[in-house]
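Undergrad: Handing you a structure now.
The values are calculated or read from the model by the stated rules, or taken from the named source; none is laboratory data. Because the structure is predicted, anything quoted here is derived from the model rather than measured. A quick note on method: Cβ atoms are made from the backbone with ideal geometry, for glycine too, and the neighbour counts reach across all protein chains shown. Calculation scope for accessible area: heavy atoms of the full protein, side chains included, ligands and nucleic acids excluded. Shrake-Rupley method; radii C 1.70, N 1.55, O 1.52, S 1.80 Å.
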Amino acid sequence: MNPKNAAALFLGVTFLLLFIVIVIPHCAYLPVTPALVIAAGDALWRGRTYEVILQGFITLAGVMAILLLFGLNHSRRLQP
């Protein structure tokens, strides 16, 4: 298997699993309880851990895609 294909498969499966882990628990209808927080910073980040991980993973996948796009493929260059 080509290393690019293996990296794409790994990133795709990891993204899908992470997305399912984040979405499935929020689909259940549970009684909502108000969050008891003291500080505003704590209220902003409580329960957003998976969102931050997902955004970081999407950014990492984008960087990997750009690096794979600009890879060392010398066959495209024309000889003078």
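Undergrad: Provide the solvent-accessible area of Phe19, counting protein heavy atoms only and rolling a 1.4 Å probe, rounded to the nearest 10 Å².
TA: 100
Undergrad: In nanometres, what is the gap between the two model label sites at Phe57 and Asn2, each 7 Å from Cα along Cα-to-Cβ?
TA: In this crude label model, Phe57 to Asn2 measures out at 2.5 nm.
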